[in-house]
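Below you'll find the structure, written out as structure tokens, and then a few comments.
FYI, it's all coordinate maths here, none of it is from the lab. Note that the structure is a prediction, hence the values are computed from the model and not measured. Positions of Cβ are backbone-derived with ideal geometry, glycine not excepted, and every protein chain shown enters the neighbour counts.
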Amino acid sequence: MTSSIATPSHSPPPKTRARSHRSVPARLLVAPSVIALVLWMVVPLAMAIWFAFQRYNLLIPDNREFVGFANFAYILTDPALWISIGITLVLVVSVLAITIGLGTLCAVLFNQDFAGRGIARVLAISPFFVMPTVSALIWKNMLMHPVNGLFAQITRGLGLGAIDWFADFPLLAIIIIVSWEWMPFALLILLTAIQSLDADQMEAARMDGASATQLFRFVVLPHLSRAIAVVAMIETIFFLTIFAEIFVTTGGGPGLATTNLAYYIYLKALLEFDVGGASAGGLIAVVLANIVAIFLMRSVARNLDT
Amino acid sequence: MHLFRRASRRARGLVAFLIGLLLVQLVNACSAGPQAGGKTRLTIATVNNGDMVVMQDLSSHFEADNPDIELRWVVLEENILRQRTTTDVASQGGQFDVLTIGSYEAPIWARRGWLRSLDGLPADYDVDDLLDPIRTGLSYEDTLYAVPFYGESSMLYYRTDLFDEAGITVPQNPTYDQVAEWAEQVHDPENGVYGMCLRGKPGWGENMAFLTTLVNTFGGRWFDMDWNPTIDTPEWQNAVNYYVNVMNQYGPPGASSNGFNENLALFSTGKCGMWIDATVAAGLLSNPDESQVADVVGFARAPVESYPNGSNWLWSWALAIPETSQSPEAAERFVAWATSKEYVQLVAEEYGWVAVPPGTRKSTYANPNYQAAAPFAEIVLNSIQSADITNPSPEPTPYKGVQYVDIPEFQAIGTQVGQRMAAALADNLTVEQAIARSQNVAERFMRHTGYIE
Amino acid sequence: MASNTSTRWWIPLLGWLVACLLFFPIFWMFITSFKTEVAAVATPPQLFFQPTLENYVAIQERASYFTFAWNSVVISLGATILALLLAIPAAYAMSFFPTKGTKGTLLWMLSTKMLPAVGVLVPIYILARETGLLDTRIGLIIIYTLINLPIVVWMIYSFFKEVPKEILEADRMDGASTFQELRHVLLPLALPGIASTALLSIILSWNEAFWSLNLTTFDAAPLTAFIASFSSPQGLFWAKLSAASTMAIAPILIFGWVSQRQLVRGLTFGAVK
């Protein structure tokens, strides 16, 4: 995250003397955060590992016994697990593409000067502040509802019949809702990034006869690449665990059409009360999250300290 | 630089203020205990349906009569309520004093020793006045563990205006063949009327409640006597085919996400010709404040295919006291009040007889005022009395329960099968695929929990 | 850039169209909350109608909104302050005295956010019961602090990296202690960035709906629990649901509107440049 606001070039590394002098307190300063997070990670993780090797249903405590890898075998041979992993990836990738694509275009748009831009911008970023449960309820009951929803009323008014979003295009419906919530976030961050774009540089490029498209492609986009990486990382973190939107609207269905990994584990944990199975599923999710994290970090890490 | 300084001074003030505010809050939070102010606090977990809302409104009477008790309501949507209370009770969290549970949970939880027995209720409570099937459903080894707030079976609702127009007379005991014919006759999507509304939202207490009664009356069952799932049988095939065909031809759009509430909204806004669902809807549909079809709704027993017994379900929402409650005596006073004859009287005085909680007490049904206000009372009573949780299917079953199976695993199996049925309804799967996958899921699960090898 | 706006007449049009489309669902919910239940599902949908406050009155009768709202305020502020207190020293050390493990630590912190929370609900519930933190605001504050900590550390880390090192060097020559350096030099410089981090943390805490539903009962229940009691009642409920939703999001929405300039300013200063 270097920049050129205050320093034209990178400052020289701190003197060795200073570093060695400070390294002990530095570690102490990091410690509280790390210890807190380690506890947050390790304690539940240890308990999850402990439970994962037991047949343990919260509702049938007397049936509890050590079963070795049976829970893992049960989860890993469940076709639903693999479907849910696929759906998780589809969700993450498509919502990322939509929010960043539209977010960039909107950022360019809202960077133009026009009457009432401030208010328009405030309106456009509002969805980000709405709690996911409420956005899902609005979309489900007031917009996408096949009988009383506004979309259905409009299309029926035009004689086109109604689309039954959550039955016919359930995953698309979820993608639309999540994109609506997060596009403003991408817009907000990309807009600030565009605003920092050097006006002189743009002017110079324009003088050279660059067209608007060329300007966008060769000046704006490269400038935005780092901001896009940041958006992608934060969003991925949240999209991997999308839950409320699915819980409120489709309940993972119809069938398994919208069951992502988080929802799959929810089904195990809070519907079946299968603590053993949910723990095993949770551990599989940990592994998956780390794989995604590695891929993600590879691309974003460059931006962490170039 | 001075810009930052100025900002920092303001921010410092703000941060100090917020931290102060927070500390005050934390100190306050620490001092609050269950007995604060000399009053016993009862935390009551309920669902957000109409009858429970009435109870919440009328509870001021209880608090006036019992000044030493303060009621604290936790009102949640049904699914969230179930997961919340189950987590708490099963892990001994002790967060609640009164739980709203169904007749599915009551015996299972009682068996685990999670509920207090309610044998010691006062004589004027008149336990024998409770309807027998409901009382049996809430008992474990002949001991009552929960008291019914309202009870229900399932029945058929239809629009008398549309049926008159089509020249249909509905007999007291219709069959599913007739129902399919009528659905075709009253189906009129151009005018926003769909022939048949049924539950489609996946869940053991949603679409599977209805589908199980349909399977029962088509002659099927969930498990054989060795706990082998019997979903891939011709009886299930026929029942599911019937369901999917009727709904595809005469159902409303979005049927696969309609549960009880959604269908109630559809029928009460005049969008359904027929609807087979819980008997509690009768009172709601007859109430002109809540229903646009109050004067044209007709009632009949739930349809039958071949076997009559399992064709209408039996359910009750009941109040129970967890063993972890810190104030069990006060809680017992409350649950007795909320399910008493006096409470029924109170609702009748404040809201009219049509609004009293149905399906719990013989005295309610013997009351001429209720009979006059609720034309559907007799059908409801007969439905409840005829539901037999010990013989849901023509085949013998190792389980009890009409529209559920009284083992803890059923929630999971029922919901997973429900998902696949919803997929069949939404045309994402064929009926054959849905049935094969349901059978597979059920077998895997029964093996996982050690019922079958 | 201003020079060519006048020539492109469609830009304001498009800008306003996009803004209105994005805002429309919220607007529709807002006006539905003032309709009667029957008007809320009327065909065709009504844009002009006799507004009523009956839904708000009905909801206030059922649940005391202000208790829920106050819990939301205390919990999101508390979690944000606690997260900042933990994160600022950590970010300071990571950005000015990086070691070989720093980047790894940072990445690991972020990866903790990707675990589905449901998997560990039962263990956490039992832990909370043992420590007496069930249904307490402090319990939720701790959970939210931990949930948001990775993002908070990472954002503040990137803001600190923006601070020219020369300033710190000069200060250090004067013999300033670590604490003085943090307090008098670094914090004022990075303040806009820290402010926008705090805003983001408040928004995320306010909107979190899993732990708040599962770990609270009555005393500490925030607005996400409030909305859960109205999400699927019987019969006609569109107008009441809209009113409850409006009440649940109004504080954070207004807060977001007021503070969005600050949010933008902070982000400009740091993370995304």
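I need the per residue convex hull volume for chain C, using only the alpha carbons, in cubic angstrom as a whole number. Don't skip to the end; give the middle numbers.
Working: hull volume 51.9 nm³, N = 273.
Given the Cα convex hull of chain C, per-residue volume reads 190 Å³.
Given the DSSP H assignment, sum -39500 (n - 2.57) over each helix run of at least 4 residues in chain B and divide by its residue total; what's the result at 222 nm in deg cm²/dmol, nearest 500?
Values: 18 runs with 209 residues, N = 453.
Per the formula, -14000 deg cm²/dmol.
Shape class for region A:149-306, computed from the alpha carbon gyration tensor (a ≥ b ≥ c): oblate, with a/c not under 1.5 and a/b at or below b/c. Taking every alpha-carbon pair within the protein assembly as shown, the share separated by more than 53 Å comes to 20 percent.
I need the helices of chain C that pass two filters: whole DSSP H segments spanning 27 Å or more by Cα along the axis, and mean Kyte-Doolittle score no lower than 0.0. Each step should come with its number before you reach the end.
Details: long enough: C:10-32 (31 Å, 2.05); C:65-96 (46 Å, 1.59); C:137-162 (35 Å, 1.40); C:187-207 (30 Å, 1.46); C:238-269 (43 Å, 0.80).
Once both thresholds are applied, what remains is C:10-32, C:65-96, C:137-162, C:187-207, C:238-269.
Only DSSP H runs of four or more residues enter the estimate; each adds -39500 (n - 2.57), and after division by the residues of chain A the mean residue ellipticity at 222 nm equals -21500 deg cm²/dmol.
Using C-alpha pairs below 8 Å separated by at least 6 residues, the relative contact order for region C:64-269 is 34 percent.
Dipole orientation for the protein assembly as shown: of the candidates B:Val431, B:Tyr176, C:Val185, C:Val185 has the Cα lying most toward the positive pole (charges on Cβ; Lys, Arg +1; Asp, Glu -1). The Cα trace of region C:2-54 gives Rg and Dmax of 16.8, 52 Å, the first to one decimal, the second as a whole number.
Residue-normalised convex hull volume from the C-alpha trace of chain B: 203 Å³ per residue. Around the amide H of B:Ile276, modelled in the peptide plane, lie the amide H atoms of B:Tyr157, B:Cys197, all under 5 Å away and 5 or more residues distant in sequence or on another chain. May I ask for the angle, rounded to the nearest 10°, between helix B:431-448 and the longest principal axis of chain B, with both axes built from Cα atoms and the value confined to 0 to 90°? Helix B:431-448 sits at roughly 50 degrees to that axis. Shape verdict for region B:267-332, please, from the Cα gyration tensor: rounded (a/c under 1.5), prolate (a/b greater than b/c) or oblate. The shape class here is oblate. Of the cross-linked pairs A:Lys140/B:Lys201; B:Lys201/C:Lys35; B:Lys341/B:Lys400; C:Lys113/C:Lys161; A:Lys140/C:Lys113; C:Lys103/C:Lys161, those separated by over 21 Å at the C-alpha level are B:Lys201/C:Lys35; B:Lys341/B:Lys400; C:Lys113/C:Lys161; A:Lys140/C:Lys113.
Could you list C:Trp9, A:Trp182 in order of exposure, starting from the residue whose Cβ has the fewest other Cβ atoms within 10 Å? Before the final figure, lay out the partial values.
Details: C:Trp9 9, A:Trp182 24.
Least to most surrounded, the residues fall as C:Trp9, A:Trp182.
When chain A is treated as a Gaussian network with alpha carbon springs shorter than 10 Å, the biggest mean-square fluctuation among A:Pro127, A:Pro61, A:Pro32 belongs to A:Pro32.
Taking only the C-alpha atoms of chain A, the Rg (one decimal) and the largest Cα-Cα distance, Dmax (whole number), read 24.3, 79 Å.
Among A:Pro222, A:Pro254, A:Pro132, the residue with the largest mean-square fluctuation in a Gaussian network model of chain A, with springs joining Cα atoms closer than 10 Å, is A:Pro222.
Angle of helix B:377-386 to the longest C-alpha principal axis of chain B, folded into 0 to 90 degrees and rounded to 10: 80°. Rounded to the nearest whole Hz, the Karplus-based 3J(HN,Hα) values (6.51 cos²θ - 1.76 cosθ + 1.60, θ = phi - 60°) of region A:45-56 follow the sequence 5, 4, 5, 4, 4, 4, 6, 5, 9, 10, 7, 9, with x at glycine and proline.
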